[in-house]
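*Asks:* If you scroll down you'll find the structure; I have some questions about it.
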Amino acid sequence: MKWLETKGVSLVLLWLGSLLVWQLGAWAYGPDVIPGPWATLKGGRELLLDGTLGQYIGISFFRVLAGWSLGSLLAIPAGLIIGKVRVIRLFAEPLLNFIRFIPPIAFITLFLVWFGIGEQSKIALILYATFFIVVLNTFTGVLAVEEDKLRSARSMGASEWQILLHVIVPATAPYIFTGVRLAMGTSYMAIIGAEMIASNEGVGYLIWNSRLFFRTDWIFVGLFCLGFMGFTTDRLLGLFGRKVLYRYGVIGGGRK
């Protein structure tokens with residue numbers, strides 16, 4: 001109990017210290033360069049009252065969730081196949097390791113040409129950002145399965161399909177979970193780049209468009225929204241892993 005009280009006091013002091021440093025920066029450089037906490041709150045209230053902020057958050061979140069979900073659903077079975085079938089892995093692994101070093105933002109122009117300026121291009125970009133992270137983590141997990149487990153299953157008459165479902169997938173679950181969790185962060189990076197360059201809606205567009213009006217307070221509001229969105233989705237994903245996938249050795253993150 002005493003440890004919890006000490007931790008609570010430390011967190012409060014940390015936040016107060018951060019707010020103080022932030023305010024000192026605003027006093028030193030002026031509100032046009034670094035808006036203080038109160039100025040940022042006023043800017044956020046202004047955007048909330050006209051409905052802009054809620055709308056942009058919803059649009060960005062939908063794009064991230066759609067691209068991340070599709071990318072994960074495609075990447076998990078692909079990673080299992082690549083990890084399980086050696087012939088496929090020999091061809092796929094070099095290609096994956098080549099393409100994954102090309103950042104998603106480099107494909108924005110091509111995706112606009114291929115998929116148009118609508119939602120498809122943004123979702124496709126997030127799918128790209130998600131796919132390679134999840135694939136690599138998944139087939140790495142497959143390769144990490146102990147050979148003794150596979151031999152034991154085969155000695156008991158299990159088919160290759162049964163081995164995949166009851167041995168490989170449970171053993172690979174922590175790797176898959178880590179991959180989809182990392183991909184969530186990359187998805188936010190990808191959508192902000194796409195919204196800054198090729199969108200007229202979303203949090204990225206809000207941050208980029210605010211420069212035209214020299215509204216640094218709106219930029220700070222957008223940054224805090226991104227942090228809050230990412231923190232919330234990561235905690236929810238961690239809670240899911242801790243509550244649902246704990247039997248497979250998945251650690252959701254954070255303390256219970």
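Derivation of every value follows stated rules applied to the coordinates shown; laboratory data play no part. Predicted model only: the values in this text are computed from it and were never measured. Heads up, the Cβs are rebuilt from the backbone with ideal geometry, glycines too, and the neighbour counts pull from every protein chain shown.
*Asks:* Using unit Cβ charges (K, R positive; D, E negative) and no other charged atoms, how large, in debye to the nearest 20, is the dipole of the chain about its Cα centre? Let's see the in-between values first.
*Replies:* Working: 22 positive and 14 negative charges, 163 e Å.
Using Cβ point charges on Lys, Arg, Asp and Glu, the chain gives about 780 debye.
*Asks:* Let me ask another. Binned at 10 Å from 0, what are the whole-percent values of the Cα-Cα distance distribution for the chain, short to long?
*Replies:* Distribution as computed: 7, 23, 26, 23, 14, 6, 1, 0 percent.
*Asks:* Right, next: Which order do the peptides 76-87, 43-54 take when ranked by the mean count of other beta-carbon atoms within 10 Å per residue, highest first? It would help to have the intermediate numbers written out before the result.
*Replies:* On the way: 76-87: 17.0, 43-54: 14.6.
Peptide ranking by packing, descending: 76-87, 43-54.
*Asks:* Using the 10 angstrom Cβ neighbour count as an exposure proxy, how do Asp217, Asp148, Asp32 rank, fewest first?
*Replies:* Values: Asp217 23, Asp148 8, Asp32 12.
Starting with the residue having the fewest Cβ neighbours, the order is Asp148, Asp32, Asp217.
*Asks:* Can I get the semi-axes of region 5-139's equivalent ellipsoid? Compute them from the C-alpha gyration tensor as square roots of 5 times the eigenvalues, in angstrom, largest first. Please report the intermediate quantities before stating the final value.
*Replies:* Numbers: eigenvalues 340, 100, 45 Å².
The answer is 41, 22, 15 Å, longest axis first.
*Asks:* With point charges of +1 on the Cβ of Lys and Arg and -1 on the Cβ of Asp and Glu, referenced to the Cα centre of region 31-182, which listed residue (Ser152, Ile57, Leu47) lies farthest in the positive direction of the dipole?
*Replies:* Ser152
*Asks:* Okay, moving on. Length gain on complete extension for the stretch Val33 to Lys149, per 0.36 nm per residue less the alpha carbon to alpha carbon distance? Mind showing how you got there, number by number?
*Replies:* Working: separation 116, 0.36 × 116 = 41.76 nm, distance 5.96 nm.
Full extension from Val33 to Lys149 adds 35.8 nm.
*Asks:* Counting pairs of alpha carbon atoms under 8 Å apart in space and at least six apart in sequence, what relative contact order in percent does the chain give? Before the final figure, lay out each step's value.
*Replies:* Working: 282 pairs, mean separation 58.0, N = 256.
The normalised contact order for the chain reaches 23 percent.
*Asks:* Let me ask something else about it. Which of the DSSP-defined H helices in the chain satisfy a minimum axial length of 30 Å, computed from C-alpha atoms, and a minimum mean Kyte-Doolittle hydropathy of 1.0?
*Replies:* Long hydrophobic helices here: 52-84, 119-143, 169-198.
*Asks:* Let me ask something else. Taking 45 Å as R0, compute the FRET efficiency from the Cβ-Cβ separation of Phe224 and Met156 and round it to 0.05.
*Replies:* About 0.25, to the nearest 0.05.
*Asks:* Using square roots of five times the C-alpha gyration tensor eigenvalues, list the equivalent-ellipsoid semi-axes of region 31-92 in whole Å, biggest first. Spell out each step's value before the answer.
*Replies:* Values: eigenvalues 420, 44, 9 Å².
That gives 46, 15, 7 Å for the three semi-axes.
*Asks:* Just to be sure I understand: if I project the alpha-carbon convex hull of region 105-256 onto a plane and average over all orientations, what area do I get in nm²?
*Replies:* Numbers: hull surface 46.9 nm².
The number I arrive at for region 105-256 is 11.7 nm².
*Asks:* Across the chain, how many lysine pairs, 8 or more positions apart or on different chains, have C-alpha atoms separated by under 20 Å? Please give the number. Mind showing how you got there, number by number?
*Replies:* Working: Lys2/Lys256; Lys7/Lys256; Lys84/Lys149; Lys243/Lys256.
Going through the chain pair by pair, I get 4.
*Asks:* Moving on to the next point. Report the full-extension gain for the segment Trp22 to Val85: residue separation times 0.36 nm, less the Cα-Cα distance, to one decimal in nm. All intermediate terms of the calculation are to be shown ahead of the outcome.
*Replies:* Values: separation 63, 0.36 × 63 = 22.68 nm, distance 5.36 nm.
Going from the current span to full extension adds 17.3 nm.
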